[in-house]
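Below is one structure, written out as structure tokens; the observations come after it.
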Amino acid sequence: MLKRSQIDTNNYLIKQLPKATAFLNEKLEVVYASDLWVKDFEFTNGKVIGQKISDLLKHISGDLQKDFKECLKGKIGSRIKECYPDKDNPKNWTEWINIPWYDEKENIIGIIVQTEVITKKINNDSNIERLQLLLQEKSSNANIGSWQYDADLNSLWWCDMTKQIHEIDANFIPKIETCFDFYKEGHSKNTISMAFFEASEKGLPWKEKLQIVTEKGNEKWIVTTGKPIYKDDKCIGLVGTFRDINEQVLTNKKTKENELLLRTLFDSLPLNVFVKDLDSRKILVNKAELNFLGLKNESEALGKTDFDFLNKKNALIGREEDIRVMENGIPMLKKETTNIKKDGTITSFLTSKIPLKAASGEITGLVGINLDISDIKNKEKELKNLIDVTSLQNKKLVNFAHIVSHNLRSHTANFSMLLEFLVSEKDEKEKENLVKMLVKASDHLLETMNNLNEVVVINTNVNLKKKNISLNKKIKSVEKNLSVFFKNKNAKIINTINDDVKINVIPAYLDSILMNLFTNAIMYKSPDRDPIITLGTTNENGYKILSINDNGLGIDLKKYGDKLFGMYKTFHDNADAKGIGLFLTKNQIEAMGGKITASSEVGKGTTFNLYFNEKN
Amino acid sequence: MRKINSIFIIDDDPITVFGIRKMLDTNVEFKTISTYGNGKLAIDGIKKVLNETKVIPEVIFLDINMPIMDGWQFLEEFIVLPIEEKVRINIVTSSIDPADYENFKHYNNKSHHLITFNTKPIKSTEIAAITIPAE
């Protein structure tokens with residue numbers, strides 16, 4: 001009974017043990033078990049005592065079985081981790097410690113087992129391991145290292161990556177006294193020293209982009225961060241990261257340099273370059289284009305269209321071109337365009353428009369390039385003018401050659417004919433007659449020579465300089481010279497020209513021209529009325545135009561128009577007409593860089609318009 | 001050689017008119033010679049003849065450069081006159097302008113009359129040959 005009570009007492013005591021404990025006999029049957037043990041293994045109370053451990057636990061590892069055997073032989077077992085499933089968790093872990101159970105006589109009567117559920121701990125451990133791996137992986141991929149400083153021990157720790165960034169051996173042991181020597185002298189070293197001081201003394205964290213010189217002597221850009229760690233309000237150290245950003249900095253720098261280079265190129269191009277979006281709004285313009293638009297800052301041009309700068313018709317044409325290029329995706333190359341700005345200035349461009357495609361291939365706008373060809377265009381115009389003048393001169397020269405040859409030939413033909421007659425003539429009286437005719441022919445030849453000479457002088461005399469003279473003064477002096485002639489014919493001049501009108505002429509030529517035209521107007525007067533000459537001036541395209549209108553016979557220009565200014569052309573039955581006046585007039589006005597035109601109506605009168613070139 | 005009824009000389013130069021006339025006097029037999037100072041006077045003369053006596057000239061000596069109406073303008077009007085007979089028209093000019101020769105060819109093709117191109121001076125030895133009336 002006593003024994004029984006002893007067992008009950010033991011049982012009662014063991015039940016309350018704070019650790020999960022069980023007593024097994026030599027047959028590995030449970031003799032005592034703490035409540036915690038029963039609970040940990042989720043055994044049903046009362047069904048534990050006397051049960052074999054192998055029956056209670058569905059699975060016992062070989063290690064544990066071996067340990068039980070060793071234990072029964074008197075050996076203190078080691079810690080054994082056992083895994084068993086339960087209803088909540090497919091992987092439950094317990095740690096077993098087995099020791100031999102001795103009686104009072106030091107006989108081994110069984111095994112005392114102590115177990116602890118370690119599932120949580122195991123899971124935690126593997127989590128930490130995983131996190132560490134992850135961190136390592138991350139730090140090596142991102143080139144981020146870490147470091148720690150323990151203030152109490154005054155010890156500095158660098159992770160492998162931090163060492164790698166410093167290009168230093170993995171066994172290197174950093175020291176707080178020397179670690180700043182890796183920083184580049186000057187700004188970098190000063191900044192990190194200051195940051196470290198501020199962090200340790202005032203608790204301020206830092207993040208700085210600085211340069212180091214590695215063990216191998218390479219300069220590198222890094223980002224270092226540091227943060228104090230506190231324990232009970234006392235700074236016990238610092239932790240931080242260390243990141244290699246050299247490549248990034250260099251790439252950024254390179255990108256910036258490239259951008260600058262591109263911009264410089266873009267702005268220095270002697271071409272107007274711009275980028276437009278789908279609505280033809282400018283989204284990028286270079287200096288040359290800004291200058292053309294008369295703007296100072298790019299921002300003034302951005303978002304605007306041709307309609308803001310060019311006249312409407314021009315802008316419409318431009319917009320149509322834009323749409324065509326952007327819809328078809330076919331560039332428009334080197335098209336000659338004339339651009340009239342709102343202020344009226346005209347610029348000729350060789351325009352190219354090239355569709356702008358996004359990476360996806362979709363057209364997002366266009367690039368425009370304008371080459372200013374105004375100078376070339378002007379040169380072309382000048383050249384054309386020069387060619388026109390030259391071909392006109394040539395035509396005049398050929399014409400003159402024909403005039404000369406024709407007039408000289410007609411006289412020499414007469415000489416030849418008369419001389420032939422004279423040689424074979426017997427009759428003295430007739431001979432005398434022929435000689436008289438020869439003299440007449442000779443006189444005509446001389447006169448012709450004089451006329452032709454006059455024309456040559458007009459066309460070749462470069463010594464006569466143009467002068468700016470008062471037109472009315474000249475008119476009055478010519479009128480005075482002709483006053484007797486005017487009076488006889490009852491002629492008068494109606495002058496509507498202002499006294500301040502001046503013209504740029506060779507005075508002698510103007511004299512001769514006015515004399516000729518006034519005389520003509522009176523000589524070919526209408527028999528029905530007294531001659532009236534009306535004078536007036538107008539301006540047109542750099543010419544001052546003097547118009548001389550008469551109320552005379554008029555002339556059928558359909559019939560005679562092309563001969564009006566020809567040499568020895570006469571059109572009226574007038575014995576005094578020599579057909580030289582208008583021919584000389586035309587030569588004189590052309591020699592002054594001007595021209596002459598005529599309009600006439602038979603029976604009503606004639607108007608001559610004299611174009612005086614104001615420029616040269 | 002048969003006697004020519006009527007010859008016209010159309011030229012504004014009195015010496016040329018004198019010369020041709022003198023050569024015709026000695027080399028050719030004719031009934032009448034009429035001279036005109038320009039094309040206008042000549043065409044008026046021919047129109048008058050057509051209306052009245054119907055004796056149209058068989059041979060015409062025609063100058064090109066004349067005032068008021070030149071040789072070409074005369075031809076322009078002459079070839080459209082209702083003249084069935086083939087008239088010989090001798091253009092006599094001192095011009096060496098190729099344009100004048102082109103003009104001559106143009107009228108020669110355009111008209112049923114016989115038109116010839118002669119350069120001044122005309123020799124006495126040539127006058128008879130160019131005064132043979134056209135068939």
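The relative contact order of the stretch A:97-155 comes to 18 percent, based on Cα pairs under 8 Å that sit 6 or more residues apart. Averaged over peptide A:551-563, the number of partner chain Cβ atoms lying within 10 Å of each residue's Cβ comes to 1. Label-to-label distance, residue A:597 versus residue A:95, with points set 7 angstrom from Cα along the beta-carbon direction: 11.9 nm.
Cross-link partners for residue B:110 among the aspartates and glutamates, with Cα-Cα distance under 20 Å and sequence neighbours closer than 8 places in the same chain left out: B:58, B:63, B:70, B:76, B:77, B:84, B:85, B:100, B:102, B:135.
Helix content alone sets the calculated 222 nm mean residue ellipticity of chain B: runs of n ≥ 4 DSSP H residues at -39500 (n - 2.57) each, divided across all residues, give -11500 deg cm²/dmol. Converting phi to 3J(HN,Hα) with the Karplus coefficients 6.51, -1.76 and 1.60 and the offset θ = phi - 60°, the stretch A:401-406 yields 4, 5, 4, 4, 5, 4 Hz in sequence order, with x at every glycine or proline.
Remark on residue B:36: its backbone amide H falls under 5 Å from those of B:9, B:10, B:11, a criterion applied only to residues 5 or more positions apart or on other chains, H modelled at 1.01 Å from N. What shape does the stretch B:33-135 take by its C-alpha gyration tensor, where a ≥ b ≥ c are the square roots of the eigenvalues and a/c under 1.5 counts as rounded, a/b above b/c as prolate, and the rest as oblate? In terms of gyration-tensor shape, rounded. Helix-only arithmetic for chain A: the sum of -39500 (n - 2.57) across DSSP H runs with n ≥ 4, divided by the residue total, places the mean residue ellipticity at 222 nm at -14000 deg cm²/dmol.
For peptide B:121-131, the mean count of partner chain Cβ atoms within 10 Å of a residue's Cβ comes to 2. Remark: the residue A:539-residue A:497 segment gains 13.9 nm on full extension, using 0.36 nm per residue and subtracting the alpha carbon distance.
For chain B, the relative contact order works out to 26 percent when only alpha carbon pairs closer than 8 Å and six or more residues apart are counted. Sequence-ordered 3J(HN,Hα) estimates for the stretch A:140-152 from the Karplus curve with 6.51, -1.76 and 1.60 and θ = phi - 60° stand at 6, 6, 8, 6, 10, x, 9, 8, 9, 10, 9, 5, 5 Hz, glycine and proline given as x. Of interest is the spacing of the C-alpha centroids, which for the stretch A:391-457 and the stretch A:479-512 amounts to 35 Å. Residues A:423, B:17, A:435, A:325, ranked from the fewest to the most other C-beta atoms within 10 Å, line up as A:423, A:435, B:17, A:325. Across the stretch A:540-555, rounded Karplus estimates of 3J(HN,Hα) from the backbone phi angles (6.51 cos²θ - 1.76 cosθ + 1.60, θ = phi - 60°) give 7, 6, x, 10, 9, 9, 9, 10, 10, 10, 10, 10, x, 5, x, 9 Hz, Gly and Pro being marked x.
Just checking the output field for A:398-405: average partner chain Cβ neighbours within 10 Å of each residue's Cβ? Neighbouring Cβ atoms belonging to other protein chains average 2 per residue here. Relative to one another, the C-alpha centroids of the stretch A:582-616 and the stretch A:302-363 are positioned 46 Å apart. Using Cβ point charges alone (K and R +1, D and E -1), the dipole size of the stretch A:348-505 about the Cα centre works out to roughly 760 debye.
Each part reduced to its alpha carbon centroid, the stretch A:18-49 and the stretch A:88-148 end up 23 Å apart. Once C-alpha pairs closer than 8 Å and six or more residues apart are averaged by separation and normalised to the residue number of chain A, the relative contact order reads 5 percent. Shown is the FRET efficiency for residue B:85 and residue B:25, computed with R0 = 25 Å from the Cβ-Cβ distance and rounded to the nearest 0.05: 0.55. Full extension of the chain segment joining residue A:338 with residue A:447 gains 33.7 nm, where the gain is 0.36 nm per residue of separation less the Cα-Cα distance. Taking other C-beta atoms within 10 angstrom as a stand-in for reagent exposure, A:444, B:112 fall in the order B:112, A:444, fewest first. For the pair residue A:135 and residue A:381, label points projected 7 Å from Cα toward Cβ lie 8.0 nm apart.
Lysine pair count for the stretch A:53-114 with Cα-Cα distance under 16 Å and sequence separation of 8 or more or different chains is 7.
Mind scanning A:381/A:559; A:436/B:86; A:440/B:86; A:440/B:123; A:487/A:558 and naming the pairs with a C-alpha gap bigger than 28 Å? Don't skip to the answer; put the middle values down first.
On the way: A:381/A:559 35 Å; A:436/B:86 39 Å; A:440/B:86 37 Å; A:440/B:123 21 Å; A:487/A:558 33 Å.
Going by Cα-Cα distance, A:381/A:559; A:436/B:86; A:440/B:86; A:487/A:558 fall outside the 28 Å limit.
Largest GNM mean-square fluctuation among B:20, B:68, B:79, using chain B with Cα springs under 10 Å: B:68. Rounded to the nearest 20 debye, the dipole magnitude of chain B is 420 debye, with +1 charges on Lys and Arg beta carbons, -1 on Asp and Glu beta carbons, and the Cα centre as origin.
The calculated FRET efficiency for the pair residue A:176 and residue A:121, based on their C-beta separation and a Förster distance of 45 Å, comes to about 0.80. The length gained by stretching the chain between residue A:483 and residue A:393 to full extension, at 0.36 nm per residue less their Cα-Cα distance, is 28.7 nm. Count Lys and Arg as plus one, Asp and Glu as minus one, and take only other residues whose Cβ is under 12 Å from that of residue A:602; the net charge is then +1. Annotation: amide H of residue A:356 within the under-5 Å range of A:364, A:365, A:366, A:367, sequence separation 5 or more or interchain, hydrogens built in the peptide plane.
Less than 5 angstrom separates the built amide H of residue A:20 from those of A:115, all sequence-distant by 5 or more or on a different chain.
None of the figures in this text is laboratory data; all of them are computed from the coordinates on show. Everything numeric here is computed off the predicted structure, so don't read it as measured data. So basically every Cβ, Gly included, is an ideal-geometry build from the backbone, and we count neighbours across all protein chains shown.
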